[in-house]
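One structure is given here, and the rest of the page talks about it.
The values are calculated or read from the model by the stated rules, or taken from the named source; none is laboratory data. The structure displayed is predicted, hence computed values, not measured ones. Note that each Cβ is placed from the backbone with ideal geometry, even for glycine, and that neighbours are counted across all protein chains shown. With ligands, DNA and RNA removed, areas are computed over all heavy atoms of the protein, side chains included. Shrake-Rupley method; radii C 1.70, N 1.55, O 1.52, S 1.80 Å.
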Amino acid sequence: MIDEQTKNNIIQTASIVEVLNDFITLKKKGANYMGLCPFHNEKSPSFTVSPSKEFYKCFGCGKSGSVINFLMDYLKLSYPESLKWLAKKYNIPIIEKERTPEQIQEKFHQESLYILNEFAQKFYTNQLYSQPESNMPLEYLNYRGILKITCDKFLLGYAPPGYNTFYQAAIKNQFSHELLIKSGLVGFKNNSYYDSYRDRIIFPICNLSNKVVGFGARIIQPNSNTAKYLNTPENELYIKNTILYGIHLARQPIIQQDECILVEGYTDVIRLHQAGIENVVSSSGTALSANQLNLIKKFTKNIVIIYDGDPAGIKAAVRGLDLAIEEAMNVHLVLLPEPEDPDSFVGNVGAEGFKSYIHEHKKDFIFFMIDLHLQEVENDINAKNQLVNQIAEILSKMNRLTDFVKQDYYINRCAQKLQIDNQALSNLVSSMSNKKVQSKNQKFKVTKENFNETLVEIDRERQNILKDNVLNVTQESTYEKKILTLLVEYGFEIWEDNVTTAQYILDSLERFPLETPEFIDFIKFYKNEMTKNYFPNFKFLLTHENETIRNLAKMIAPEIIEVSNYWHTDRDKIIELIEHVGDDNTKIMYKENLLGKKDDAAKHHLIIDNYLRHYIIKKIKKYLDNLTQKLKNPDLTEDEQNETLHLQFELKKYEKELAIPLGTVLRN
């Protein structure tokens, strides 16, 4: 964990313009910078960066945020990874929080493995190019159609045939026996150490950070006595079900294409990249795991899986793909013509031919499953019943609330393909969905033994709901949102008599509380920060480690257009309105504010007063509606009626006092 002081140093040092200029060309336009949006294709710049607010916004696609948000969205880094990326750019040493001895030991092992893997990769790559004239490894790669430039791109190497050539080199470079065994690069048998990989082509496997976490090794010459492929055994770095070969190179192409192509082998990935099809990765011959699906989902919700195996192999490979449906991902499958695999097929038809074939032959995963199994069930009613239940089980994993239209479409199409009643399938899917909900609810049954655990789980669920809903604020909360914007923008200013603007706003909200749940939580968060004598600004909020806070900050952040621009445009119109309202002192105060005879803080007071008035008037109208309904109750006593009428009178009086027409001072 990065300590708080280091994190603040990184955030304060990082310039949003400098960082974004590493990825796009920005040109100064007034106080801001503009460029072509990196998140969608456009010909005219709509991507605006404000150096004063440390904030960007695209007015084409709506993407917005801080420098941290940009790195997380564009490079798909985690929050800590984004901080480390910035620290590296600005040469800021990372100081981490004090860790336990166990954590220190684990970190040491991880870093040691990274260093060893990097050494091994360079050793194997050097071996590939330092063989005698009759260079068998390079001849093999040339035979497979892999060019030198591609070898370099994928860091390919060669493990020499000697019994312990790599081992000797590693020991010479001070690597311990324990580390060599743990890495899987070296084995121990009959009281001697030996190289795990001998006379094999080496495929380094990298993570998203472009660090080598493991190796794949393929024999060059057929040998029935040894495995065709060997892989790094699992350790702190290499966990097979979290790894996708080629993901470090495919990340940006996947984002740009909004599609991930999944193939089986290393050479499939390499040959497709070489042909210019770079949005491709490999699961190294295993069925997709939940971890791998989540890794892909960082970049796209669309997966195309290419198979070249027989039906039995395909059935095994697609097992578990219903996890993708649960994650609202779109999965398509493609069968290549026999005996082709992606490697050979792209070599035969070229990149364009390959793309065309994929486009024409990719089939939806669910429909693919139906077609694959229908050939077998024929008139076997029991087998067909099992297939119907299997498809209904998959469809029940769709989120009915967010994917209603999609689920309805699949139910109709699947019923047609299965030749069963549409309503019957719909009922079966609903029944399975209800069972899942009931099963999920079981975990919230509180007992004495699981009380604390249940509280933690409920809070986690609540945070997930908050995170999901934070960007779906209704129109009714517009003024609440504006008030929070002003609270963050100007909360630190003095309102009057040593009362801060933040306190003035918060006192107003005590009388007329907010209603939007996530805004209520934000007020609690803001008050807590105030107890530390700190007024959170947008840079602090937009770069906060809590994702919910970051998302909410993005929502309430002011537009990049300077607020002061509105004053010049609307000043005459506003002055004309003021002439018709209020007493002479009010007119003088507002005119002085608008004509610039008072400081910016006074102008800010006018803006805040404007929105608070609108907000409170809106709340009063709601209260008055409730009181009107209450008066219609025939069971009210005379005292209750009089009390309600008095409250109604007082609220209307207050509403009238507030109703100075300042609604056009700022545009919504």
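In the context of the full protein assembly, residue 508 retains an accessible surface of approximately 20 Å², using a probe radius of 1.4 Å and ignoring ligands and nucleic acids. Across the cross-link table entries 28/63; 554/656; 539/622; 482/619; 88/211; 539/619, which are compared at the Cα atoms, the separations over 24 Å belong to 554/656; 539/622; 539/619.
In segment 184-285, a dipole from Cβ-located charges (positive for Lys and Arg, negative for Asp and Glu) runs towards its positive end, and of 206, 237, 190 it is 190 whose Cα lies farthest in that direction. Among the protein heavy atoms of segment 1-88, carbon and sulfur supply 50% of the accessible surface, probe 1.4 Å, non-protein parts ignored.
For segment 349-413, the direction-averaged projected area of the alpha-carbon convex hull comes to 6.1 nm². With R₀ fixed at 51 Å, the C-beta to C-beta distance from residue 499 to residue 432 puts the FRET efficiency at about 0.30. I want to verify the translational diffusion coefficient of segment 1-160 in µm²/s; compute it with Stokes-Einstein, Rh as the Kirkwood radius over Cα pairs, at 37 °C and 0.692 mPa s. The calculation lands on 168 µm²/s. Counting only residues 5 or more places away or on other chains, whose amide H sits under 5 Å from the amide H of residue 158 once H atoms are built in the peptide plane? Sorted by chain and number, the residues that satisfy this are 125, 127, 128, 202. Placing 639, 371, 421, 343 in order of accessible area, with the largest value first and a 1.4 Å probe, yields 639, 421, 371, 343.
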